[in-house]
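Participant: Structure incoming, see below.
What follows draws every value from the coordinates through simple rules; no lab data is involved. As the structure is a computational prediction, the values presented were derived from the model and not from experiment. Glycine gets a Cβ as well: all are built from the backbone with ideal geometry, and neighbour counts include every protein chain shown.
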Amino acid sequence: MPGTATTLKRDKRQSKIGEIWRRLKINKGAVAGLAVILFLSAMAIFAPYLAPYEPNKMNSGPRLASPSMKHPLGTDSFGRDQLSRVIYGARISLYVGFIAVGIGAVIGGFIGAVVGYYGGRVDNILMRIMDVLLAVPQIILAIAIVGALGANLVNLMIAVGVSQIPRYARIVRASALSVRGQEFVEAARAIGASDLRIILENILPNCMAPIIVQSTLGVASAILSAAALSFLGLGIQPPTPEWGSMLSLGRQYMRNAPHLTFYPGLVIAIVVLALNIFGDGLRDALDPKLRQ
Amino acid sequence: MKWKKLELLVFATLFLIGAGALYPVPALSAEKILRIAQQADCNGFDPQKITDVYTGTLLRQVYNGLVQPDENMVFQPDLAESWENPDDLTWVFKLRQGVLFHNGEEFTAEDVKYTFDRIFDPKTASPGVTHVREIDKVEVVDKYTVKITTKTPYAPLLSSLGRYEFGMLNKKAVDAAGDDYNKNPVGTGPFIMESWRPGDSVVLKKFDKYFKGEPKVDKLVFRGIPEDATRVIELESGGVDICMDFPPQDFERVKSDGKFVMYEKPGISTNYYGFNVSIKPFSDKRVRKALNHAVDIDALTDSLYFGMAVKTRGPLSEQVWGFDTTLPADPYPYDVEKAKALLAEAGYPNGFKTKLYASTQSLTRSIAEFFQGFYAEVGIECEVVTLEWGAYLAETRKGVDGMFTMGWSGTGDADGALTYLYDSQNIGSSNRVFWNDPEFDKMMYDGRTTLNPEKRQAIYKKAQAYFNEELPIVLMFSRKLLCVTTPKVKGFAIYPNQVYQLFNVSLED
Amino acid sequence: MAALLSVNDLCVKYKTFEGIVHAVNGISFDIPERGTLGLVGESGAGKTTTALSLMRLIPAPPGIVERGKISFGGRDIHALSEAEMKKIRGNQISMIFQDPMTSLNPVLTVGLQISEAIVAHQNTSEREALKRTQEMLEKVQIPSARHKEYPHEFSGGMRQRVGIAMALACNPRLIIADEPTTALDVTIQAQVIELMRNLRQEFSTAMMLITHDLGVVGEVCDRVAVMYAGEIVEEGSLEQIFEDARHPYTTGLFKCIPDIEEDSSQIQPIMGLMPDPFDLPSGCCFHPRCPSCMEVCRVERPAFLRENGRTVQCHLYAKGGVTQ
Amino acid sequence: MLRYIFRRILFLIPVLLGVSILIFAIIHLAPGDPAEALLGPSATTRDLEELREQLGLNKSLVTQYFTFLTNTLKGDFGRSIRTNNPVLEELLDRFEPSLILAVLSMTLAIAVGIPLGLLAALRQNTWIDTSCNFVALLGFSLPGFWLGLMLMLFFSIMVPILPSSGYGTWQQLIMPTLVLSTNTTAVIARMTRSSMLEVIRQDYIRTAKAKGLSGRLILARHILSNVLIPVVTVAGLHFGHMLGGVVITETVFSIPGVGRLIIDAIRFQDYPVVQGGILFFAFCLSLVNLGVDLIYALLDPRIKAQYRAG
């Protein structure tokens, strides 16, 4: 009979996903957002096949050239093809965005689940630590971390990820607190399930919806933060093609070659917008109560 | 329910914001105000605490030293009228009389002694002390005469004394301000500090009783604008009259517009690519030569500075005192074949692997990228290692297992560049290439201790030729200093040490 | 005698994302001056929609009043302008809502919430309005000094009394009480019902009491209408309905009430659930749950049968039908 | 009420203490050497040793922290390595532009965001709603640094009517304020809209309608007071985000505020300033949060009652 139970469970889950998809489909904006995200992800994955030039190859064309047929987004001060750099930049930005959110969501989620589940002193201490993290504006915390550890890809992801921890911790904690007292958790405990198992099997699935929504929006904000840090010279360092640092370089040539400033920023805006619209739609789809 | 009014309100708000944006900028006052944009803002007005040329330029307006370099890096009398050397260790300075500090005190020999006492005081912890370690004592002979004794004969003393760190202080003013002297400077210079808004601007007003005469403008406003494009926009939109540290990428465009006056001149600083000559393969002179031949510096500077740099002909910039003008224009021209041949001769026909260290500053990183490309052509495989600026300095000081890049400004005197960078006594600090050559060290010693300028010049000529043969670095370039002013600005000149004297600058209508 | 309120063939539907909900399906009833009508039915029967449509407060979208006529004091409610309607709301017809916890604005003092209705409808100064407010509070047995307090400082029962004071403040001709006691404790319920009954008499107001509690109806009303799935299946005087219920649904409702004198096992719940409002059954709406369901019930919607001032909508009582 | 404020201020102490440890740890566990960075390539070993001695860098971290802490408690944040000015003084010198920028932007965000949100909610599911929503999402997604550069490109280069940088005249504040407020405006508009949609569905609004009140009165008295509560929460929560925006905006427009001070300090490894600056930001943020809580109490009598009780 356990077989039947799993099948049932799976069916139920599948139908739930189908239901969410059905609700999401109606929201044209969300679908468009998803399409843009998928497109950019594809662009990131297939960058070597899509990019017309090597992103770091200097003198691929004339220096600071305006957009043309040969270089649709122009070239930068080293004669590097801007389109190729923008395409490769999608890799870095999405990579940083997802990893940073991964760090934030896993650590934050775990902390939230543990403190929500055990409560008491553990809860108090950890939540005070979260208060401390929250007392420092997110990007400033990230700036401090990168400033201290040094500006590179790994530190950037750590900095952005760490600064995102509190929001996940709070969501999961709230949900863990509400789930903790419920019968099915009591029941699980009664049949001798371990704490870890209860957390993993009962508490986490119950807060998946807000976590997924928050993560989607979190990727958007992580990409934005990472770009901002790189723009400030505290993130990805040149010549790695990253949108924020491309903007920062392009800025010096704003007077001669505004396209160097325009396009990297535009793609950042598009990605973030797409993620936000999709996240919004996802929230509505996951939580129909909020839907008007 | 209808809410037409609400919609109106929204649009009215948006409209007001838009209208506000179009309001005209008010006209300036009748005072003659010279507005200058620099790359960095002020770090304070205590000369003994300052380490950057941008603040140095400000200090130059507020203070005077005993001597001062002119725009050709020739040291001219400033607060000292004249000087003589009774022997190789002694310098006697005759001071100018009737010079007033901004607080009304007269400048005397006591002030000179106080200035040096303060800089030597460990409590002051002045970074500038490193330039005057050769001084043994400073004595007051009479009210207008000072005697400086050095530990060993020290020919470059004037170039040290001409630095902005050695602006003459007034004891009374320093004591009165205490810890806040940094913000309340009192000098003898043509301008008095009026206000300093950290991070933004410094306003200096003219000192009517300046000993060289009244300044030609009423006020100087210095703005620190780190962003290249913004600095240019400020100039073009009339926000400033002089744009220093003008970005090379905009130079040609603005020049062809013809609306502004353009200035360009190489600076005293040089950029070199170093390696640790104490380790293989850099210990082999042929390899070092090959590394020099393998790089196309012109392509590099063209890309990085839009051609606004000159390839160095030796260890010194042509603006430094002691530069040998007879050096060949391009001692190690770009020649891949020759480089390969030299490598083969040295036993590396297939090249070798090494590391190129770079700091997180994007310039060193870009140069490393270029070198990586150049060296790949001759079979040398390079890995670029990026370090934090502080760590980069520390690591290269301790010696790296590869190559690195560094810029050097020095004092404007040959000694100020060569001894620091290549004398074996500085291994472990500023000699980052670990070159230990007794013959060169001897030349440095002679150059330092020979007070006669002609003889000194000859020694440095020999030293540069020797250097170019031994070649402990890859010769790179000296950047050109670029400044652009509006046509109203007259009497401006570029100072190769980037410490500008603006006393002679006027603003014509 | 012309009725104070007369509703004729009222149909209201909601157009929603999932489909069309027929909330009220052609109901008709009258309330005379000073009369009290109890509107009884399960939740979802369309009682609240009926109440809101009387005040023209059906949220639109998604609500649409499809057809039907509502006349109040001889005026056609649907023909009035919004401004005229505002003069009626709270002034001539006022409403007491189901949940006293949510129907008072949490950030305003109760005094203000009562007096604003007075200010809106009567040409009085703020001060007079306040005086009247305090009187009203006293009338619902709340110390008048508490007018400065906020809803959260009151218990549920007291809040509902505030609601009553609010409804009566302008001395309306008709009060619509939408399940005024459902959300209250049983003991409080009795007090509130008592209060309402007394005040209604004191103010000589007509009342429409919406409830699912037949006991409350028995205490307060003189006529009863039973609603099921958007239709009034039976309507009559209190005695007629209580003593001689005809419609199987009505009788079913009575069987659900426990009687202390009888064995509790006598409680017979009505089998099944309210029909899906998106997809009402054919014929008589009640037929899927009706113990006396006949073939005709599945096909044909029963007609209204009027007799002795009562109405019933059931095939059992149609001509030729089987009499019990 | 006073007791509540007092308690909240007391509660700030452990948080700020935590922030100080956090920042101190981040900065001092870092690999860079401030002495090296400060003295540059010309430094001799002796110079470096002297500077480390002077800055107390050669003492143990714990000693350094406690020195820092006791000094901070005395109001002494140390001296900037770069300028040698007292850090607190530097911060206060730079506070005005940041404060003005933040206040102006918040004001603008509220002035535009709330009407925009109300408009969208009242015109729900019309093209006005859709476009308001899109504009809000766009505003939420635009990178501030890019928007700043684009404005600069347009208003200082293409149509040169606004100064591109600096601080001092009100014209110089226009673009920075716009940039900094965009994000917050969007957040406030979105929150206002959803809060409005929530509130107009509430029973008490139906009650108000049933009382025959005029639409305007319902909006002004019954709806707005309730709509504002979550909007204030969100605006308050977003203030931290805004402080982050201050850093970026000030860098883009060369405004001499606390944000740029911190960025410059990080570049120069001027760690006393970094430490002090971040603590200062944390302190401001805590104060704003306290302020928001008090505004709550003004808006919502239920909260006020809780504070009284607490």
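Participant: Based on other C-beta atoms within 10 Å, arrange B:SER256, C:SER282, A:SER163 from fewest to most. Could the numbers behind the result be given before it?
Facilitator: On the way: B:SER256 8, C:SER282 11, A:SER163 28.
Ordered by Cβ neighbours within 10 Å, fewest first: B:SER256, C:SER282, A:SER163.
Participant: If you don't mind, another one. Taking the Cβ of each residue in D:LEU153, A:LEU200 as the centre, tally the other Cβ atoms inside 10 Å and list the residues starting with the fewest.
Facilitator: Details: D:LEU153 20, A:LEU200 13.
Ranked by crowding around the Cβ, least crowded first: A:LEU200, D:LEU153.
Participant: Continuing with the same structure: Nearest 0.05, what FRET efficiency do C:ASN8 and A:GLU183 give at R0 = 56 Å with Cβ-Cβ as r? Mind showing how you got there, number by number?
Facilitator: On the way: r = 51 Å, r/R0 = 0.91.
The calculated FRET efficiency here is 0.65.
Participant: Right, next: Explain nothing, just the number: dipole magnitude of the range A:45-290 about its Cα centre with +1 on each Lys and Arg Cβ and -1 on each Asp and Glu Cβ, in debye rounded to the nearest 20. The partial results should precede the final answer.
Facilitator: Details: 18 positive and 13 negative charges, 102 e Å.
That gives a dipole near 500 debye.
Participant: Ok, one more. Using the per-residue mean of other Cβ atoms lying within 10 Å as a proxy for protection, in what order, highest first, do the peptides C:221-231, D:235-245, B:485-495 fall? Present the calculation step by step, with values, prior to reporting the outcome.
Facilitator: Working: C:221-231: 24.6, D:235-245: 21.5, B:485-495: 17.5.
Highest to lowest by the protection proxy: C:221-231, D:235-245, B:485-495.
Participant: What net charge do the residues around D:SER156 carry, taking every other residue with its C-beta under 11 Å from that of D:SER156, with Lys and Arg at +1 and Asp and Glu at -1? Numbers along the way, then the final one.
Facilitator: Values: positive: A:ARG255; negative: B:GLU234, B:GLU236.
So the surrounding residues net to -1.
Participant: Next question, about the same structure. How big is the antiparallel share of DSSP beta bridges in the protein assembly as shown, given as a percent to the nearest 5?
Facilitator: Working: 86 of 123 bridges.
If I count the DSSP bridges inside the protein assembly as shown, around 70 percent turn out antiparallel.
Participant: Here's something else I'd like to know. Using only Cα atoms, find the angle between the long axis of helix A:153-180 and the longest principal axis of chain A, and express it within 0 to 90 degrees, rounded to the nearest 10.
Facilitator: Taking Cα atoms only, the helix is inclined about 20 degrees.
Participant: Using the Cβ atoms and a cut-off under 11 Å, what net charge is assigned to the surroundings of B:GLY351, where Lys and Arg are +1 and Asp and Glu are -1? Working shown, then result.
Facilitator: Values: positive: B:LYS340, B:LYS353; negative: B:GLU377, B:GLU381.
Computed value for this residue: 0.
Participant: Quick check: pseudo-label points 7 Å beyond the Cα along Cα→Cβ at D:HIS28 and D:ILE161, how many nm apart are they?
Facilitator: Rounded to a tenth, the inter-label distance reads 5.4 nm.
Participant: Can you give the calculated 222 nm mean residue ellipticity of chain C, where each DSSP H run of n ≥ 4 adds -39,500 (n - 2.57) and the sum is split over every residue, rounded to the nearest 500 deg cm²/dmol? Don't skip to the end; give the middle numbers.
Facilitator: Working: 10 runs with 98 residues, N = 324.
It comes out at -9000 deg cm²/dmol, rounded to the nearest 500.
Participant: Please state the charge dipole magnitude for the protein assembly as shown, taken about the Cα centre, from unit charges on C-beta atoms (+1 on K and R, -1 on D and E), reported in debye and rounded to the nearest 20.
Facilitator: On the way: 142 positive and 144 negative charges, 507 e Å.
That gives the protein assembly as shown a dipole magnitude of about 2440 debye.
Participant: Something else: In what sequence, highest mean first, do A:238-246, D:264-272 appear when ranked by Cβ atoms within 10 angstrom? Provide the component values of the computation, followed by the final result.
Facilitator: Numbers: A:238-246: 26.6, D:264-272: 23.2.
Final packing ranking: A:238-246, D:264-272.
Participant: Quick one: helix D:2-28 against the long Cα principal axis of chain D, what's the angle to the nearest 10°, folded into 0 to 90?
Facilitator: Compared with the principal axis, the helix lies near 40 degrees.
Participant: Using a 10 Å cut-off around each Cβ of peptide C:145-151, what is the average number of partner chain Cβ atoms that fall inside? Working shown, then result.
Facilitator: Values: counts 0, 0, 0, 0, 1, 5, 3.
So the per-residue partner count for this stretch is 1.
Participant: Based on DSSP H runs of at least 4 residues, each adding -39500 (n - 2.57), what is the mean residue ellipticity at 222 nm of chain B after dividing by all its residues, to the nearest 500 deg cm²/dmol? Please report the intermediate quantities before stating the final value.
Facilitator: Numbers: 15 runs with 165 residues, N = 509.
It comes out at -10000 deg cm²/dmol, rounded to the nearest 500.
Participant: Shifting gears a bit: Quick check on the exposure proxy: order B:LYS311, A:LYS25 from fewest to most C-beta atoms within 10 angstrom. Write out the running numbers ahead of the final one.
Facilitator: On the way: B:LYS311 19, A:LYS25 13.
Listing B:LYS311, A:LYS25 from fewest to most nearby Cβ atoms yields A:LYS25, B:LYS311.
Participant: Less than 24 Å apart at the alpha-carbon level, and either on another chain or at least 8 residues along: which lysines does that give for D:LYS59?
Facilitator: Reachable lysines: B:LYS49, B:LYS123, B:LYS398, D:LYS74.
Participant: Follow-up question, since we're still on this one. State the volume of the convex hull built on the alpha-carbon positions of the range D:161-310, expressed per residue in Å³ and rounded to an integer.
Facilitator: Numbers: hull volume 21.7 nm³, N = 150.
Taking only Cα atoms, the range D:161-310 has a hull volume of 145 Å³ per residue.
Participant: Rounded to the nearest whole Å³, what is the per residue volume of the convex hull around the Cα atoms of the range D:1-74?
Facilitator: Numbers: hull volume 7.5 nm³, N = 74.
Hull volume normalised by residue count: 102 Å³.
Participant: Does anyone have the angle between helix D:61-73 and the longest principal axis of chain D? Alpha-carbon axes, 0 to 90°, nearest 10?
Facilitator: That works out to roughly 60 degrees.
Participant: Also: Consider a paramagnetic label point 7 Å from the Cα of D:GLU96 along Cα→Cβ; state which residues of the range B:172-205 have an amide N under 11 Å from it.
Facilitator: B:196-198
Participant: For D:PHE11 and A:ARG121, what is the calculated FRET efficiency with R₀ set at 25 Å and r taken between the beta-carbons, to the nearest 0.05? Spell out each step's value before the answer.
Facilitator: Working: r = 18 Å, r/R0 = 0.70.
About 0.90, to the nearest 0.05.
Participant: For the range D:132-200 and the range A:261-283, what is the separation of their C-alpha centers, rounded to whole Å?
Facilitator: 16 Å
Participant: Over all residues in B:232-240, what is the mean tally of Cβ atoms on other chains that come within 10 Å of each residue's Cβ? Provide the component values of the computation, followed by the final result.
Facilitator: Working: counts 6, 10, 6, 0, 5, 8, 2, 6, 1.
What the average comes to for B:232-240 is 5.
Participant: While we're here: Just the number: Rg to Rh for the protein assembly as shown, Cα atoms, Kirkwood Rh, two decimals.
Facilitator: With Rh from the inverse mean 1/r over Cα pairs, Rg/Rh is 1.10.
Participant: Still on this structure: Quantify how strongly other chains surround peptide D:114-127 by giving the mean number of their Cβ atoms within 10 Å of each of its Cβ atoms.
Facilitator: Working: counts 2, 10, 5, 0, 5, 6, 0, 2, 5, 3, 2, 2, 0, 0.
Taking all residues of D:114-127 together, the mean is 3.
Participant: Provide the packing ranking of D:125-136, D:292-303, B:272-283, i.e. peptides ordered by the mean count of other C-beta atoms within 10 Å per residue, highest first.
Facilitator: B:272-283, D:292-303, D:125-136
Participant: Restricting to Cα pairs below 8 Å that are 6+ residues apart, what does the relative contact order work out to for the range C:1-46? Please round to a whole percent. Mind dumping the intermediate values first?
Facilitator: Numbers: 59 pairs, mean separation 18.2, N = 46.
Result for the range C:1-46 is 40 percent.
Participant: Students often forget the sequence filter, so: which aspartates and glutamates lie under 16 Å Cα-Cα from B:LYS113 once same-chain residues fewer than 8 apart are removed?
Facilitator: B:GLU105, B:ASP121, B:GLU134, B:ASP136, B:GLU139, B:ASP142, B:GLU165, B:ASP175
Participant: Taking only DSSP H segments of four or more residues, each worth -39500 (n - 2.57), what value at 222 nm results for chain D once the sum is divided by all its residues, to the nearest 500 deg cm²/dmol?
Facilitator: Values: 13 runs with 232 residues, N = 310.
After summing the helix terms and dividing by the residues of chain D, the value is -25500 deg cm²/dmol.
Participant: Where the centroid of each part is defined by its Cα atoms, how far is the range C:150-211 from the range B:320-372 in Å?
Facilitator: Taking the Cα centre of each part, the range C:150-211 and the range B:320-372 sit 95 Å apart.
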